[in-house]
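One structure is given below, encoded as structure tokens.
The values are calculated or read from the model by the stated rules, or taken from the named source; none is laboratory data. Keep in mind it's a predicted model, so treat the numbers as computed, not measured. FYI the Cβ positions are ideal-geometry reconstructions off the backbone, even for glycines, and counts take in every protein chain you see. Protein only, heavy atoms only, side chains kept; ligands, DNA and RNA dropped before computing areas. Shrake-Rupley method; radii C 1.70, N 1.55, O 1.52, S 1.80 Å.
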Amino acid sequence: MAVPRNALKKWEKVRAFALGLPDAVEEFPWGESVAKVNKKVFVFLGVQDGGYPLGVTVKLKDETAHAHALACPGAEPAGYGLGKAGWVYVPLEQQGAPAAEVLCDWVEESYRVIAPKRLIVVLDGHLPRPADC
């Protein structure tokens, strides 16, 4: 199954943004890409091989952002009980999927929820933001 080009471009921008955050690392538990900080996942990036629909899962504590994310086509609370803690799965292949800039904002919020305070200080000092995000 081929991944739509537009969705893949968004995914690549979001992944690059996430990995550009202070002390962020990429790991592949369960065969899918995740971005971690301080050994904790702050964004699930899934797989890009077309085996599953392309999407991202972020933790959103801000009520407005959380509601906005859930209003996206196909979005839903994350499985395995994570939805109860504010995690939202947002598919990227659907018509009307959020723009990369919005997704990067949500990734940043998720990072801020998970990262230790010392890294939030670093983030606030210099937020590297690609031109596309």
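Of all residues in region 4-25, those satisfying the criterion of being at negative phi and either open to solvent by less than 30 Å² (accessible area, probe 1.4 Å) or touching a helix residue (DSSP H, G or I) at 6+ places or on another chain (Cβ under 6 Å) (or both) are ALA7, LYS10, TRP11, LYS13, VAL14, PHE17, ALA18, LEU21, PRO22, ALA24. Beta carbons closer than 7 Å, at least 6 apart along the sequence or on distinct chains, pair a first residue in region 80-103 that is within 26 Å of ALA2 (Cβ to Cβ) with a second that is charged (D, E, K, R) and part of a strand (DSSP E or B) for TYR89/GLU76. Of the candidates VAL56, VAL34, the single residue that is out of contact with any Asp or Glu (no Cβ under 8 Å at 6 or more places or on another chain), of a type in the set (A, V, I, L, M) and modelled with pLDDT of 90 or more is VAL56.
Candidates are the residues of region 93-122 that are hydrophobic (A, V, I, L, M, F, W, C) and farther than 22 Å from GLU63 by Cα; the one that is surrounded by the most Cβ atoms within 10 Å (Cβ to Cβ) is LEU119.
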